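Enquirer: Before I ask anything, here is the structure I am working with.
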């Protein structure tokens, strides 16, 4: 048989055994690694990160299912025959007959058409036989997707998911390192011996002399508003969060949501909230897969789609960073416009109105898109580099490649060290707080309490509705049981609040 066409019937058994052994060993090693990582996170009481790890496992399972579908339906896909005229348009590379100057343009044509160059013969799958006529060639047609192209598409999906998960993990890691540098600011704020009344009454603060206002307030008028946006744009590149910013925003959060505990550990709460958000960012949602399909559709020779699409995460990142900085500026602007001096420390008022469409969660959604699109850009580059080589026509000219890589590295760096830390603190300036404000066991207790209270509410309605047709004694017994459960729940809730206060004070 021709090279690449040998089946398992004529393959030495030791070759099959060795290959299967290597695959099984690698798979078990990865599975054990994820298992021990999960046990370690549970031991360290890092449930948000453990849930993020479970999300990664879900993505790997999805990839395994995609791999299974591509393998099982490979032969059937090869037997979907279409006219060759359908494959002459929307190609990533021009055929050599169309452009004689491009000697490497046929590297990627197997992605959409069946002809395979001699350089790619060695990459054929076991089911292909270059000498034998194919099912579609007998009919005078071509297959919808060749076996080689299907195999390359399979590899690309795997590379994309792995690169996305890796880049998200690196972003969160570097962002967390940056946020941990603020820990000494939290410690200095916690060292102050004050209570809620002292914060508001112990002294007078001249608003314009406060560091937070001096750095953020730019005066009044429309022209100054434009200046404020410009300042916010450039501020995200250097010193995005200063000590005065952190102390003021922390105090605004504490006085709004934790008024009874001014020494609340705001930094620890931020880290827990960021870990909880990580499990949402690391996943690949359906709309992100839709983006992949649209890109593959628009990846036409001469359009340079891979280059222009690099500006999408770049533009979104700059817009998000500018908006987050401007929210801090707006908080300073509100205080400076309303007061000349305030009694006590300067306190800002968090509000959802400062965010786009009054939705702080929209920022996380945009960060998710930014990280995925940037990962997609870099994954696509490395996949083309390994699969087809640097001289592939789909790689494009060097003048398009270098800016693309520079933009990708810049987006990754800026998102890790500036935008993500900005998001971690500014997103807390909404009208409500996240459930990460409670420790994990307290969160579980509150959720259980809420479910039981909802169940008792339904039982109370049922008891009131059946009291007319039921014996008086039975209705009274049922209502008594409901009241007893309600009293027990109220006592549990009160105990939870006490534990929360104690743990918050001890963590400070």
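Enquirer: Given the structure, is residue 16 over 32 Å from the mean Cα position of the chain (by Cα) and either assigned to a helix (DSSP H, G or I) or over 30 Å from residue 173 (Cα atoms) (or both)?
Expert: So residue 16 passes the test.
Enquirer: Spot the failing condition for residue 234; the list is (1) modelled with pLDDT of 85 or more; (2) farther than 30 Å from residue 400 by Cβ, and only one is missed.
Expert: Tallying (1) modelled with pLDDT of 85 or more; (2) farther than 30 Å from residue 400 by Cβ, residue 234 fails exactly one: (2).
Enquirer: Do the conditions hold for residue 325, that is, is it in contact (Cβ under 8 Å) with a residue 12 or more places away in the chain and out of contact with any helix residue (DSSP H, G or I) (no Cβ under 9 Å at 6 or more places or on another chain)?
Expert: Judged against the criteria, residue 325 is not a match.
Enquirer: Which of the numbered conditions does residue 342 fail, given that it passes all the others? Conditions: (1) in contact with a strand residue (DSSP E or B) (Cβ under 6 Å, 6 or more places away or on another chain); (2) on the phi > 0 side of the Ramachandran plot.
Expert: (2)
Enquirer: Further, regarding this structure: Quick one: residue 337 ticks every box in (1) in contact with a helix residue (DSSP H, G or I) (Cβ under 9 Å, 6 or more places away or on another chain); (2) touching a residue at least 60 places away in the same chain (Cβ under 8 Å); (3) surrounded by fewer than 20 Cβ atoms within 10 Å (Cβ to Cβ) bar one, so which box is it?
Expert: The number of the failed condition is (1).
Enquirer: Let me ask something else about it. Run down 290, 296 and say which single residue is under 20 Å from the mean Cα position of the chain (by Cα) and farther than 20 Å from residue 50 by Cα.
Expert: The match here is 290.
Enquirer: If you don't mind, another one. Kindly list the number of the only condition in (1) over 30 Å from residue 282 (Cα atoms); (2) modelled with pLDDT of 75 or more; (3) touching a helix residue (DSSP H, G or I) at 6+ places or on another chain (Cβ under 8 Å) that fails for residue 104.
Expert: If we test residue 104 against (1) over 30 Å from residue 282 (Cα atoms); (2) modelled with pLDDT of 75 or more; (3) touching a helix residue (DSSP H, G or I) at 6+ places or on another chain (Cβ under 8 Å), just (2) comes out false.
Enquirer: Still on this structure, I have one more. Which members of the stretch 134-154 meet the condition of being assigned by TED's automatic domain parsing to the domain that holds residue 85 and part of a helix (DSSP H, G or I)?
Expert: Within the stretch 134-154, 135, 136, 137, 138 meet the criteria.
Enquirer: Of all residues in the stretch 36-59, count the ones that are in contact (Cβ under 8 Å) with a residue 60 or more places away in the chain and crowded, with 16+ Cβ neighbours inside 10 Å.
Expert: 9
Enquirer: Let me ask something else about it. Identify, from the list 31, 58, 75, the residue that is modelled with pLDDT of 75 or more, farther than 26 Å from residue 173 by Cα and assigned to a helix (DSSP H, G or I).
Expert: Within the list 31, 58, 75, the selection yields 75.
Enquirer: Scan the stretch 300-351 for residues that are closer than 30 Å to residue 87 by Cα and assigned to a loop (DSSP other than H, G, I, E, B) and jot them down.
Expert: Result: 300, 301, 302, 303, 304, 309, 310.
The values are calculated or read from the model by the stated rules, or taken from the named source; none is laboratory data. All figures in this text were calculated on a predicted structure; none of them were measured in a lab. Quick reminder, even Gly has a Cβ in these numbers, built from the backbone with ideal geometry, and neighbours come from all protein chains shown.
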